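Written below as structure tokens is the structure these notes are about.
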Amino acid sequence: GCNPLAETGRSKLQNQRAVLNQQILRAVRMRAGAENLLRATTNNKVREQVLLELSFVNSDLQILKEELEGLNISVEVYQNAEETFSIPLVPLGLKETKEVDFTLPLKDFILEHYSEDSSEYEDEIADLMDLRQACRTPSRDEAGIEMLISYFLQLGYVENRFFPPTRHMGVLFTWYDSFTGVPVCQQNLLLEKASILFNIGALYTQIGTRSNRQTQAGLENAADAFQKAAGVLSYLKETFTHTPSYDMSPAMLNVLVKMMLAQARECVFEQIGLTGIRNEFFTLVKMTQEVAKVGEVYMLVNTAMNQEPVKENIPYSWSKLAQIKSDHYKALAHYFIATILCDHELQPGDDEDQQEKALSQLYDHLPEGLMVLAVLKDKVQRKQLGKAHLRSAVVHHEEALRVCGLCKKLRNIDVLQEVLTAAHKRSLLKYAQQETEDDFLSLIQAPDILPKTEHKIETIAPQFSKVKVKDFFHKLGPLAVFSAKQRWTAPRTVRIGRGAGELGFGLRGGSPVQICGLDPVCPAASVGLKEGDYVVSVGGVDCKWLGVNEVLEKLKSEGEQPVEMEVIS
């Protein structure tokens, strides 16, 4: 699931992101230093120089932020390599991190807390660090997802084993904000877990944008990936409520979930129309409602992106692309309904009740003086309403093209321009075919179209249980007992002689087993064995994972010889 040496466009993009993050960090530090000096000094000449320096630093930061935004909209790097004629989808870039050395803190904790020889755990610590390093360059497929999830689950074990709730372990985690490039450094393992979850969601979005949208299977995979991405980001928002990084704030995650569900909805619509859209009354009614739904969800995404506090940090090109898609799909809805009205006059054999019912589902209300059945029967009214919809389609297409022209990043995406221009020309051509001399007398406003869908799009919750992970530090013993929050004595060696073949105590519980029913006058009690002690080894053999019967077998196998047991209280 790891691909560290692949010099793909995506890895080059991540390397550029890492370099930009360092430059942003330097600029932020300079700005903080300048602001501190400004607060501390009373010398006017120094203040003037500092203010000038601050203006330069702020300009640099703005330029760097724009460069980072450029990486966030580098959609062509993430799209499927096939020649496509589809509007690009937006992926999330992976969060960058610095290397972390777990060796000393974990070895110290094993020695101090678990009273074990920490050198015996060097391989396990190395495995953990290797897995973390591999997670910085995951492959863009299910294997990459599985690897990130396995590290996330492994962190659950590590947290329970080594991170007591009362103190910090001295391990510093640094993660860079995906949108601003500003680093967040904490000794809290929650930052690590939240950032890995964000990257799982981001990798799903990259799998979605990479799918081949010219095939049914590709579009199914894309819609599924975006729903899974939304599920992971939603889980992140609900589980880690106080993340210090802005890209993982509840407000930002809320917008990202909406965006991923909108992209899943778009893929489902493309799937319906993949084999071609039949120019047939009821097919076009269905397509009108579906495409109106896509336009509506993108309008909601655009509205959410322009709210405080998200507005400041969401890439400008993303909100513009959401606005473009909203207008483009609304235009398509008007075009489809115009095609129904202009191309499908009521014929003697048609079921007018069914057509009236289907058409009335598209509107909340019609313009004054118009009735659905009358529109179906009257050729003039039908043409009037059809042309009104075509005018609305052209207006929405022109707005989409205008907004696209305003954004430098989107202007340079050729396929986007081509799709918008082709749809605009098609509507203009349809309008020209309906043109007659007396048309200026009959200008009516096209009514709004009611969106409706037969396809449910919702978040798919992450299935962590499907990834099987073995605790690297399994040797330390069952987690219920041997965890960071439990306190116990160092292991004591108890040498027991067997009087008359009896031990003088019983065993109970699962693994590790506990001493019970201890006879206070037996030899074992006299050498320091206590009621409730856990048995960790017998005769030098580790017993932490053994049950009652297995430990009794070990004790019996020693015969009449004195038995050495290690116990903890």
- Task: Considering only region 307-326, state which residues are assigned to a loop (DSSP other than H, G, I, E, B), surrounded by fewer than 18 Cβ atoms within 10 Å (Cβ to Cβ) and modelled with pLDDT under 90.
- Result: GLU308, PRO309
- Message: Tell me the residue from TYR329, TYR363 that is of a type in the set (Ser, Thr, Tyr), under 24 Å from TYR431 (Cβ atoms) and crowded, with 20+ Cβ neighbours inside 10 Å, please.
- Response: TYR329
- PRO512 vs. criteria part of a loop (DSSP other than H, G, I, E, B) and farther than 23 Å from GLU116 by Cα: no
- Only residues that are crowded, with 19+ Cβ neighbours inside 10 Å and either touching a His at 6+ places or on another chain (Cβ under 7 Å) or among the β-branched types (Val, Ile, Thr) (or both): list them for region 420-436, please. LEU420, ALA423, HIS424, SER427
- Item | Condition met for GLN214 (outside any helix (DSSP H, G or I) and among the polar types (S, T, N, Q)) | yes
- Item | Cβ pairs under 9 Å, 6+ apart, first in region 193-206 and assigned by the TED database to the domain that holds GLN227 and at positive phi, second crowded, with 24+ Cβ neighbours inside 10 Å and at pLDDT below 95 | none
- Note on the structure: Residue hits (region 240-258; open to solvent by 10 Å² or more (accessible area, probe 1.4 Å), over 13 Å from the mean Cα position of the chain (by Cα) and among the polar types (S, T, N, Q)) are THR241, THR243
- Residue list for region 259-293, filter: buried (at least 20 other Cβ atoms within 10 Å of the Cβ) and under 22 Å from ILE207 (Cβ atoms): MET259, MET260, LEU261, ALA262, GLN263, ALA264, ARG265, GLU266, CYS267, VAL268, PHE269
- Query: Restricting the search to region 340-353, which residues are in a helix (DSSP H, G or I) and open to solvent by 10 Å² or more (accessible area, probe 1.4 Å)?
  - Reply: CYS342, ASP343, GLU352, ASP353
- Item | Verdict on ASP414 being closer than 23 Å to ALA388 by Cα and open to solvent by 60 Å² or more (accessible area, probe 1.4 Å) | no
- Query: Given the conditions (1) touching a helix residue (DSSP H, G or I) at 6+ places or on another chain (Cβ under 9 Å); (2) over 30 Å from GLU122 (Cβ atoms); (3) open to solvent by less than 50 Å² (accessible area, probe 1.4 Å), and given that GLU398 satisfies all but one, which numbered condition is not satisfied?
  - Reply: (3)
- Please tell me if GLU146 is open to solvent by 40 Å² or more (accessible area, probe 1.4 Å), of a type outside the set (Val, Ile, Thr) and modelled with pLDDT of 95 or more. yes
- Query: Among PHE472, PHE482, which is open to solvent by less than 20 Å² (accessible area, probe 1.4 Å) and either touching a strand residue (DSSP E or B) at 6+ places or on another chain (Cβ under 7 Å) or part of a loop (DSSP other than H, G, I, E, B) (or both)?
  - Reply: PHE482
- Any chance ALA304 is assigned to a helix (DSSP H, G or I) and open to solvent by less than 10 Å² (accessible area, probe 1.4 Å): no
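Let's see how each residue does on (1) touching a Leu at 6+ places or on another chain (Cβ under 9 Å); (2) open to solvent by 30 Å² or more (accessible area, probe 1.4 Å); (3) of a type in the set (Val, Ile, Thr); (4) outside any strand (DSSP E or B):
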residue: PRO165; (1), (2), (3), (4): no, yes, no, yes
residue: MET169; (1), (2), (3), (4): yes, no, no, yes
residue: TRP175; (1), (2), (3), (4): yes, no, no, no
residue: THR180; (1), (2), (3), (4): yes, no, yes, yes
residue: VAL184; (1), (2), (3), (4): yes, no, yes, no
residue: LEU197; (1), (2), (3), (4): yes, no, no, yes
- Item | Selection from region 24-70 of residues that are among the basic types (Lys, Arg), over 27 Å from PRO91 (Cβ atoms) and within 35 Å of the chain's Cα centre (by Cα) | ARG26, ARG29, ARG31
- Note on the structure: Restricting attention to region 515-568, the residues that are surrounded by fewer than 16 Cβ atoms within 10 Å (Cβ to Cβ) and in a loop (DSSP other than H, G, I, E, B) number exactly 18
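The values are calculated or read from the model by the stated rules, or taken from the named source; none is laboratory data. A quick note: this is a predicted structure, and the numbers were derived from the prediction, not measured. Positions of Cβ are backbone-derived with ideal geometry, glycine not excepted, and every protein chain shown enters the neighbour counts. Calculation scope for accessible area: heavy atoms of the full protein, side chains included, ligands and nucleic acids excluded. Shrake-Rupley method; radii C 1.70, N 1.55, O 1.52, S 1.80 Å.
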